[in-house]
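The values are calculated or read from the model by the stated rules, or taken from the named source; none is laboratory data. The structure displayed is predicted, hence computed values, not measured ones. Don't worry about glycine lacking a Cβ; one is built from the backbone with ideal geometry, like all the others, and counts go over all protein chains shown. Accessible surface is based on the protein model in full, side chains and every heavy atom, while ligands, DNA and RNA are left aside. Shrake-Rupley method; radii C 1.70, N 1.55, O 1.52, S 1.80 Å.
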Amino acid sequence: MRVVVIGGSGHIGTFLIPRLVRAGHEVISISRGQRSSYADDPAWRQVRQVTADRAAEDRDGTFANRVAGLRPDAVIDLICFTVDSAAALVERLRGETGHLLHCGSIWRAGPSETFPLTEDNAPPPFGEYGIAKAAIAEMLRAETRSGGLVTTSLHPGHIVGPGWHPIGPLGNNDPEVWRKLSAGEPLDIPGIGAEFMHHVHADDVAHAFEAALDHREAAAGEDFAIVAATALNVRGYARIGASWFGQTAELRTITWEQFRSSHPDADAAQLSWEHLVRNHAFSIDKARRLLGYAPRYEPAQAALESVRWLIDNGRLLVANPLRV
């Protein structure tokens with residue numbers, strides 16, 4: 001099968017494209033060409049690389065034609081963020097391509113009202129990004145169920161893996177959190193510390209896309225939450241993280257107002273709120289049942305892999321070495 005992957009050099013594509021090559025597919029990766037994948041793999045030598053600026057070509061109305069011109073049997077779209085962009089691709093691929101797989105986000109759901117969240121009970125989203133992801137998923141679902149292009153939406157949680165900073169125990173990417181935990185210093189946490197975050201290793205997301213490609217009929221017109229089998233809350237994540245350095249986390253609860261006023265980085269403080277107010281913990285039962293999705297990584301294991309890579313590559317300064 002000829003598979004075109006849009007955004008193939010990113011977090012998910014780093015693991016997905018080698019999987020597709022090893023499965024025997026002909027793979028074409030479309031990216032801006034500004035960097036290589038996050039991890040080396042000899043499978044990349046068998047991949048055709050196409051350089052394109054999607055945002056610019058979407059504005060010109062040429063991107064969908066570029067994708068269709070590659071004559072794909074399936075398209076995996078990892079970097080679509082607007083309904084207009086998704087709709088243009090659907091219109092062009094309808095009747096010519098067998099399957100369009102879209103990468104959404106668990107932020108298509110708003111703050112949790114029940115646990116675990118499922119594809120069917122997710123509350124309405126808020127914020128530009130979450131609202132757009134929900135609208136794209138709904139448009140794709142309607143397209144397939146009306147007899148049009150076969151589509152599938154996969155909604156990953158907070159993607160973790162070697163090569164980038166994970167969403168940390170405070171719901172942001174601030175490296176100071178890890179330094180404090182590694183030193184056994186007090187860590188101020190906003191809210192009550194019971195708020196959940198739902199991580200997923202990038203290779204598990206890649207596995208889900210491969211499974212959806214292999215189970216086209218079961219995946220047609222569906223959307224799936226793609227996360228680890230369990231989730232971490234703030235206090236649990238912080239305590240586990242401190243233990244990696246042989247420390248015991250000293251956690252101090254403060255209000256959100258205090259957190260925002262005392263944090264040196266306003267963007268990091270806002271990102272904390274964005275993650276923790278949603279308080280997400282999802283079920284993966286649907287993906288297991290229909291796709292055979294079986295994540296290999298638990299959230300703490302995946303986050304540790306990221307932290308270890310950052311330390312080993314001089315990207316994260318900590319007070320004590322890892323002891324795990």
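Per residue, how much accessible surface does the chain expose to a 1.4 Å probe? Answer in Å², no decimals. Intermediate values should be presented prior to the final figure.
Working: 13700 Å² over 324 residues.
Accessible area per residue, the chain: 42 Å².
Within the chain, what's the longest run with no GluC sites (Glu not before Pro) in a DSSP loop and at most 13 other beta-carbon atoms within 10 Å? Give the range, please. Write out the running numbers ahead of the final one.
Numbers: sites that count: Glu96, Glu113.
By the stated rule (loop sites, at most 13 other Cβ atoms within 10 Å), 114-324.
What does the charge count around Leu117 come to, taking other residues whose C-beta lies under 14 Å from its C-beta (Lys +1, Arg +1, Asp -1, Glu -1)? Working shown, then result.
Values: positive: Arg108, Arg278, Lys286; negative: Glu113, Glu119, Asp120, Glu195, Asp223, Asp285.
Residues near Leu117 contribute -3 overall.
Going through the stretch 1-74, which trypsin sites (Lys or Arg not before Pro) have at most 11 other Cβ atoms within 10 Å and a DSSP loop state? It would help to have the intermediate numbers written out before the result.
Numbers: sites: Arg2, Arg19, Arg22, Arg32, Arg35, Arg45, Arg48, Arg54, Arg59, Arg66; in loops: Arg32, Arg35.
Filter output for the stretch 1-74: Arg35.
Could you compute the net charge surrounding Arg235? Neighbours are other residues with a C-beta less than 15 Å from the C-beta of Arg235; K and R count +1, D and E count -1.
Numbers: positive: Lys180, Arg239, Arg252; negative: Asp188, Glu195, Glu250.
Around Arg235, the surrounding residues sum to 0.
Just how far, in whole angstrom, is the stretch 47-126 from the stretch 211-289 if you go by their alpha carbon centroids?
23
Nearest 10 degrees, 0 to 90: what angle lies between the long axis of helix 234-243 and the longest principal axis of the chain (Cα atoms)?
70
Where does the charge balance sit around Val21 when Lys and Arg score +1, Asp and Glu -1, over other residues with C-beta under 14 Å from its C-beta?
Values: positive: Arg2, Arg19, Arg22, Arg45, Arg48; negative: Glu26, Asp40, Asp41, Glu210.
Result for the neighbourhood of Val21: +1.
Using a 1.4 Å probe on the protein chains only, how many percent of the accessible area of the chain belongs to carbon and sulfur?
On the way: 6670 of 13700 Å².
Taking all protein chains in place, the chain shows 49 percent carbon and sulfur surface.
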